[in-house]
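Structure incoming, see below.
The values are calculated or read from the model by the stated rules, or taken from the named source; none is laboratory data. No experiment lies behind these values; they were computed from the predicted model shown. Please note: Cβ atoms are built from the backbone with ideal geometry, for glycine as well, and neighbour counts cover all protein chains shown.
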Amino acid sequence: MTRERKAWVGDLIHDEVADRRGFVADVRGGTVWVLRPECGPGQWTSRQPERLVVVKPREEGGPQPCARGGAESAGNSQGC
């Protein structure tokens, strides 16, 4: 049986509890995952990392998180 990879800083995730998609910004004390939306301001937290589904690991690269200012970000195909 293959164990799924735990979400970590820089990963694009889907939070099943909050039904939101975003990036892992920080992991505090190994118990609180600080998350921020894929686009725009704000953040939320999760104490249930098993409910964070890794959509794209940081190692795979791809588009970077939206810069402050959203739509002006060069090369951003997400329309932030």
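Scan region 18-42 residue by residue and report those that are under 16 Å from Val53 (Cβ atoms) and loosely packed, with under 12 Cβ neighbours inside 10 Å.
Matches in region 18-42: Asp19 only.
Follow-up. Name the single residue, out of those in region 28-79 being out of contact with any strand residue (DSSP E or B) (no Cβ under 7 Å at 6 or more places or on another chain) and of a type in the set (D, E, K, R), that is modelled with the lowest pLDDT.
Among those that are out of contact with any strand residue (DSSP E or B) (no Cβ under 7 Å at 6 or more places or on another chain) and of a type in the set (D, E, K, R), it is Glu72.
Considering only residues that are among the acidic types (Asp, Glu) and more than 8 Å from the chain's Cα centre (by Cα), which ones fall in region 3-48?
Glu4, Asp15, Glu16, Asp19, Asp26 - these are the residues of region 3-48 that are among the acidic types (Asp, Glu) and more than 8 Å from the chain's Cα centre (by Cα).
For region 5-27, give me each residue that is in a loop (DSSP other than H, G, I, E, B) and either modelled with pLDDT under 95 or at negative phi (or both).
Result: Arg5, Lys6, Ala7, Trp8, Val9, Asp11, Glu16, Val17, Ala18.
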